[in-house]
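In what follows, a structure is listed as C-alpha cells, so that the remarks can point back to it.
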Amino acid sequence: MLEVLNLFRSRSARSVLETHRARLYRIAYAWTRSPALADDLVQETLTKALVKSGQLRDPKASEAWLYSILSNCYRDHFRRLRETEDVDAIELLSDSNPEQESSQQQLIDKVRAAMMRLPEGQRQVVSLVDIEGFSYVEVAEILAVPIGTVMSRLCRARASLKEHLLPELRAQTDAGEPKLRRVK
C-alpha cells in the first residue's frame, strides 16, 4: 500500500498523471464542450488521484481508475449545479397577502357562524340558493316544499344574516376589505 502511495507521490507518478492529462482533457472536453470546465474537471481529477492514491490496489489499473475519478467529478459537478430557484425572484401569482387571506378567513368563519344560528330550513335554503346556485323551483323540489316556502325562508334567512353580519361588513369595507356579493 505504501508503495502505491509513494508511486503516485513520486516524480514518476506525476509524470504518469501528466501523460494522462491530455487524454483526460480531451474526454472532459468531449463531455462538456467547455474548455474551462474541462480543465477544471481534469484538475480536480488529478488532485483527487494524488490525494486518494492509497485506494489504488493495482497500479496496472491506474488508467481506468483515473477515468472513473473523472467520471465521478463530472457527475458531482452537475449535481452541485442542479437548478434551484431564488425564492426572492419568484413572482407571486396572487395579489393577496397573508393579512388579506386571514381577514377573508375570519369573515368566512363569521358567515358560517351566522348561518349555523339560522333554523335548519332557512340554512338549507340559503345554502342551496345563495351558495350552490340552485333556482327556487329546484330547491322546492329538492326539499319537497312549496316554492312560496322556499322564498319566505330565504327572505327571513337573508334578513337574519344581514342583521348579524352588516355591522361586521361595514367595519371591514371601511378598512378597504372586499365586499360580500350576493351569489344567485
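Where a number appears in this text, it was derived from the coordinates with a stated rule and is not lab data. Computed from a predicted model, the values in this text were never measured in an experiment. We place every Cβ from the backbone using ideal geometry, glycine too, and count neighbours over all the protein chains shown.
Taking only the alpha-carbon atoms of the range 87-173, what semi-axes of the equivalent ellipsoid follow from 5 times the gyration tensor eigenvalues under a square root, in whole Å, largest first?
Equivalent ellipsoid of the range 87-173: 33, 17, 9 Å, largest first.
If only Cα atoms are counted, what is the Rg of the range 22-161, and what is its Dmax, in Å?
In Å, with Rg to one decimal and Dmax whole: 35.7, 98.
Let me test this: with uniform point scatterers at the alpha carbons of the range 11-85, what is the Debye-based log₁₀ I(q)/I(0) at q = 0.13, 0.14, 0.27 1/Å?
-0.38, -0.44, -1.33
Please give the length that would be gained between Arg82 and Lys48 if that part of the chain were fully extended, namely 0.36 nm times their separation in residues minus their C-alpha to C-alpha distance (nm, one decimal).
10.0 nm
If I take R0 = 22 Å and measure r between the Cβ atoms of Asp109 and Ile131 in this structure, what FRET efficiency does the formula 1/(1 + (r/R0)^6) give, to the nearest 0.05?
Computed FRET efficiency for Asp109 and Ile131 comes out at 0.90.
Extension gain Ile90-Met116, at 0.36 nm per residue separation less the Cα-Cα distance, in nm?
5.3 nm
Which peptide among 121-130, 97-106 comes first, and what is the full order, when sorted by highest mean count of other Cβ atoms within 10 Å?
Highest to lowest by the protection proxy: 121-130, 97-106.
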